[in-house]
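Rule-based calculations on the coordinates, nothing more; no lab input. For clarity, every value in this text was computed on a predicted model and none was experimentally measured. Don't worry about glycine lacking a Cβ; one is built from the backbone with ideal geometry, like all the others, and counts go over all protein chains shown.
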Amino acid sequence: MKQKLIFGVLFAALVLSACVFPEKNDPFSRLPEEAVETLEGEIFPFSVSVSTRATHRLENEGKLVAYVASDIARLSDFEGREVEIDGVRRTEKMREIFWVEAIRLLDLEDSEEQLADNRYTSNQFAFVYPPGWEHSTSPAGVVHFIDKTDTARRVFLTFSVEDIEKEDKKSDPNVLIASLAGVKKITTDSLDRERQEVALFSNLYDHKYNFVFTSQFEEFERKKSFFKLLNTFIEGEENVREILEEDKKELAEKEAQKIVVEDVVEEEEAEEEVVEEKKSLVDKLFGEKEEKDDIVEIAEEVEPVVVDKTPVVVTPVTEKKRVVNDQPTTITREGVSDFVNVIEEHAFPYESTYYNFKMMVPWGYWFRNFGQSETRIARIGFSDKEFTEESGSKFWLEIIGSETPPTEFTETIEDDQVVLEFSRGQKSYFRISGPVLFRDAMRSIHATVENF
């Protein structure tokens with residue numbers, strides 16, 4: 001009797017366990033995160049005899065807050081500055097280190113920095129969308145996008161993830177977007193609105209990603225944003241982690257750039273003070289003069305006021321002119337050196353693991369990555385003034401896809417425009433283009449571009 005009872009219990013347990021199915025993986029779930037803390041204080045360099053990866057100290061009112069390190073921000077740029085840092089605590093070799101994931105200057109107004117685009121992420125995929133859009137998710141797992149300025153809150157884009165069905169396997173893909181094969185269908189509704197239905201088939205999961213985008217004919221900017229969204233789509237946990245780390249690095253670089261701008265302003269103010277002091281000294285010694293030439297002669301005789309500073313901002317030489325013929329001038333010698341190299345110790349290093357290249361940007365120049373376009377793999381704009389829109393860029397570095405990329409460096413000058421082209425690989429190449437006025441900066445950047 002006892003044996004029968006035991007067998008009955010075991011049989012019941014087996015039946016129950018057989019009815020429990022494995023939990024379905026939620027594609028919208030987030031990556032696991034460590035507990036993030038926020039600390040405030042002043043950054044100081046740090047070194048100890050004990051082996052540790054900490055590179056700096058964070059102090060507040062002269063007291064140690066934490067030993068800090070970072071793979072995201074270059075902490076040396078913030079030495080001696082009051083900062084607010086976000087990060088996680090980890091113990092390494094019996095020593096606690098605070099790993100910095102975000103950093104903000106506290107001694108500057110409006111220090112909060114943001115990326116040009118927002119990024120939608122889950123543990124399996126990610127894509128970017130404009131800051132003017134906002135989204136919500138329905139109980140059925142469909143993400144709805146609307147324009148923040150639309151009081152009617154009309155949904156113009158939906159996104160969902162579904163399992164691949166038998167019919168999908170029979171379909172013939174007609175698009176390849178972000179390395180994902182898919183099916184795209186365009187229709188027009190009764191209100192003459194264009195409706196794009198895009199289904200992209202996952203390379204990693206048994207999923208398809210469904211986008212339904214509705215737009216009026218004249219909504220060109222919104223269409224461009226949707227095109228960019230599709231082309232920034234990535235999948236895979238490791239890829240999502242890497243792109244989120246790239247976002248954090250970009251924010252840290254933007255924050256460090258503010259210190260550069262602050263130094264430039266201080267340099268300009270110091271120069272203005274020197275000029276005013278010199279003029280005041282001239283007026284005091286010699287009085288007002290009616291002729292400009294006389295004032296120039298007097299100013300040259302006066303002992304100049306010495307300012308203890310090192311100039312760090314290099315601006316394009318506007319007086320330099322290049323005479324060209326009616327026909328374009330093409331230079332194919334990579335070693336040509338008829339330009340002023342403006343890369344020096346304060347130049348800003350930029351590295352993109354997403355596009356696998358790095359370069360140096362001259363100090364005094366701003367740059368912004370505008371991502372992909374219909375004809376370009378990547379587009380980075382540069383200017384000698386701060387800018388946020390593409391129209392503010394003075395010259396460009398672009399990555400262009402091509403079946404027959406150039407194998408040699410070429411420089412073409414036509415009218416007042418310079419075009420530099422050089423190899424990136426077997427299927428793409430770099431192009432730097434802009435006015436002759438910025439040729440020195442363009443050639444200097446070109447000399448530092450490296451693939452890895």
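Measuring nothing but alpha carbons in the stretch 172-270 and taking Rh as the Kirkwood radius, the Rg to Rh ratio lands at 1.21. For the stretch 61-162, what does the alpha-carbon gyration tensor say about shape, rounded, prolate or oblate, given a ≥ b ≥ c as the root eigenvalues, a/c under 1.5 as rounded, and a/b over b/c as prolate? It comes out prolate by the Cα gyration axes.
Which chymotrypsin sites (Phe, Trp or Tyr not before Pro) from the stretch 207-249 combine a DSSP loop assignment with at most 10 other Cβ atoms within 10 Å? Don't skip to the end; give the middle numbers.
On the way: sites: Y209, F211, F213, F217, F220, F226, F227, F233; in loops: F217, F233.
Listed in order of number, the matching sites are F217.
Label-to-label distance, D71 versus I177, with points set 7 angstrom from Cα along the beta-carbon direction: 3.2 nm. Applying the criteria of a DSSP loop state and at most 12 other Cβ atoms within 10 Å to the trypsin sites (Lys or Arg not before Pro) of the stretch 369-427 yields K385, K427. The distance from the alpha carbon centre of the stretch 170-234 to that of the stretch 126-147 is 15 Å, rounded to a whole number.
Taking the stretch 399-452, which GluC sites (Glu not before Pro) meet the DSSP loop condition and have no more than 13 other C-beta atoms within 10 Å?
Details: sites: E403, E408, E411, E414, E421, E450; in loops: E403, E408.
Counting only loop positions with at most 13 other Cβ atoms within 10 Å, the GluC sites (Glu not before Pro) in the stretch 399-452 are E403, E408.
The stretch between A116 and E245, if pulled fully straight at 0.36 nm per residue, gains 44.9 nm over its current Cα-Cα span.
Go ahead and run the numbers for FRET between N203 and E84, Cβ-Cβ distance against an R0 of 45 Å, rounding to 0.05.
Details: r = 40 Å, r/R0 = 0.88.
Plugging the Cβ-Cβ distance into 1/(1 + (r/R0)^6) gives 0.70.
Annotation for the stretch 54-114 versus the stretch 243-261: alpha-carbon center distance of 14 Å. Annotation: extensible slack from T375 through I164 equals 72.9 nm (criterion: 0.36 nm per residue apart, minus Cα-Cα distance).
In terms of the Cα gyration tensor, with a ≥ b ≥ c the square roots of its eigenvalues, is the stretch 89-220 rounded because a/c is under 1.5, prolate because a/b exceeds b/c, or oblate? Judged from the Cα gyration tensor, the stretch 89-220 comes out oblate (a/c at least 1.5, b/c at or above a/b). Estimated at 0.36 nm per residue, the fully extended path between I146 and D26 surpasses their Cα-Cα distance by 40.8 nm.
With 32 Å as the limit, write out which pairs from K63/K258; K63/K358; K208/K427; K170/K249; K184/K258 have Cα-Cα distances beyond it, or answer none. Long pairs (Cα-Cα over 32 Å): K63/K358; K170/K249; K184/K258.
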